Amino acid sequence: MARILTQNINFPVVLRVQGWLLMIEAIFMLFPMFVSLASDEQDVAAIFGYSAAITAASGAAMTFGLRRWHRNTSMRKRDGLLLTAIVWLFFSLFGMIPMLWTGTLHSPADAFFETMSGFTTTGASVIPNVENVSRGVLFWRALMQWIGGMGIILFTLAVLPMLNYKGGISLFNAEVTGITHERMRPRVSQTAKSLWLIYMALSLLMAVLLARPMGWFDAVCHAMTTMSTGGFSTRNIGIEYWHSSYVDLVVTIFMFIGGINFTLIYSAITGQFDRVRRNDTFRWYCAIVLTVSAIIFIRMTYQGFLSSTGERLNYAIFDTVAAATSTGFSTKKYESVGQFIALLLMIVMFFGGMAGSTSGGAKIDRLIVLFKNTRNEFYRVLHSNSVTSVRVGGKAVPHQVVSKSLAFLAIYMMVIFAGGILLTIMEVPMFDALFTSMSAVSNVGMGYGVTGAMGSYALLPDAAKWLLAFEMMVGRLELFTVLILFTPSFWLKD
């Protein structure tokens, strides 16, 4: 018998929860409204008020309008995957309303690109001059990244504990990055609250540290976009605007922290320092940052780039951490030094930070699995009867996790190359296209050539912007959550 469309997906409950999420987004829109009022931007404040009202009304209609039609509130794995994917789409569609109505951007392609770049913490921007943008919109851009950094679904699990009983685990697993999903507390909602409390505390600490050199507004915006490893700035030249080694140091430290698994940060806060010290992935993370920084520093020294050793060291470490954590705050000096450093940063961007962090990329955890599995395969060439296992942190990694990690890396590369090929069809130079595609999938936001220091993402055709926005979402949700929706097995009866 031919398979037919399944009724296993509970569309009403998916849409009802999506409605709750839109009402939460509407509440977040009130914050830039208050910022606009405080900055005497009355027209902008009104637009955010209208946007919040439309978003809240749409969410309420979805949540309460469907209640009387369907009373089955159970949410299964397919429902959780579908909801997690469409949440980012809905948030971006409603989140772009203020961008259009304030006149910050004029086309739906630009507005959707900018908003998706915000929520996915990519940091690529099509706004030509951010210093001419209203404070309300600048705050909204930063807030979008802060929300997306820890995760839209994760925030909802923290504030709506009822989801703990309605597919909370499947939602948690679908959104939180990593090869495994470690929970710090027995209940998903408790874990979500703990993660968000750590996230908010670190963001507040960074804002306090930056308040004096930057001023409170810029400090809060950069704290949100740094801890989320997003990279949006309130200045056209980013962090360089302040010409301060102190600002560079603070931003570098918090970018680095943003690339660490938050469960490991929780361990450090609770005094479990041995767990941090013995963590293989953390040691690899530190080693990669130090090694790549040293190579870039040596290359700059060899080429006589910049006038002093201190400047070279600062730029080498800053750009490496910005790429490794997918923050994308960049001095853009790497373009002036040549393609070698750009290629090196591409490799760093590919793997990103640790699983369970706010950073993008394929994650260092999978690099370790790839390296150790490859080493085992070489060993088995000479010892064909041997039984080996991939061990990380002294524990054997299950075969299915190894298999899924290798499949992930293969698909990740295919998505990047497919995006790059499509961009070349749109007449983007080949290296620029691959770099830009890698940047989008890894949620970094750095550009090169056409999209780099001498160009802009705004120069890309609309089709390229829609493509890159899709790549951003695919990368943020780690491929499977989005790509599974395009397979017949997801929609058809088992």
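Filter the range 14-43 down to residues that are part of a helix (DSSP H, G or I), more than 24 Å from the chain's Cα centre (by Cα) and not aliphatic (A, V, I, L, M) and give me whichever is farthest from residue 140 (Cα to Cα).
Once the filter is applied, the top-ranked residue is 16.
Out of 336, 307, 293, 330, report the one residue that is part of a helix (DSSP H, G or I), at pLDDT below 85 and either small (Gly, Ala, Ser) or crowded, with 22+ Cβ neighbours inside 10 Å (or both).
None of the others qualify; the one that does is 336.
State whether the residues of the range 381-388 include one that is surrounded by 14 or more Cβ atoms within 10 Å (Cβ to Cβ) and not hydroxyl-bearing (Ser, Thr, Tyr).
No, the range 381-388 contains no residue that is surrounded by 14 or more Cβ atoms within 10 Å (Cβ to Cβ) and not hydroxyl-bearing (Ser, Thr, Tyr).
What pairs can you find where one residue is in the range 460-477 and under 18 Å from residue 229 (Cβ atoms), the other is aliphatic (A, V, I, L, M) and surrounded by fewer than 24 Cβ atoms within 10 Å (Cβ to Cβ), and their Cβ atoms are less than 7 Å apart, with a gap of 6+ or different chains?
Final answer for the pair search is 471/415; 473/482; 474/415; 474/482; 474/483; 477/85.
What residue, among those in the range 212-244 that are closer than 13 Å to residue 122 by Cα and β-branched (Val, Ile, Thr), is nearest to the chain's Cα centre (by Cα)?
Top of the filtered list is 229.
Looking for whichever is part of a loop (DSSP other than H, G, I, E, B) and out of contact with any Cys (no Cβ under 6 Å at 6 or more places or on another chain) here; the options are 260, 298. Which one fits?
260
Within the range 226-257, work out how many residues are in contact with a Gly (Cβ under 7 Å, 6 or more places away or on another chain) and either surrounded by fewer than 21 Cβ atoms within 10 Å (Cβ to Cβ) or in a loop (DSSP other than H, G, I, E, B) (or both).
Within the range 226-257, residues that are in contact with a Gly (Cβ under 7 Å, 6 or more places away or on another chain) and either surrounded by fewer than 21 Cβ atoms within 10 Å (Cβ to Cβ) or in a loop (DSSP other than H, G, I, E, B) (or both) number 5.
Inside the range 373-420, can you point out the residues that are at positive phi and over 28 Å from the mean Cα position of the chain (by Cα)?
394, the sole residue that qualifies.
The values are calculated or read from the model by the stated rules, or taken from the named source; none is laboratory data. All values derive from a computational prediction rather than experimental measurement. Every residue, glycine as well, gets a Cβ built from its backbone with ideal geometry; the counts of neighbours run over all protein chains shown.
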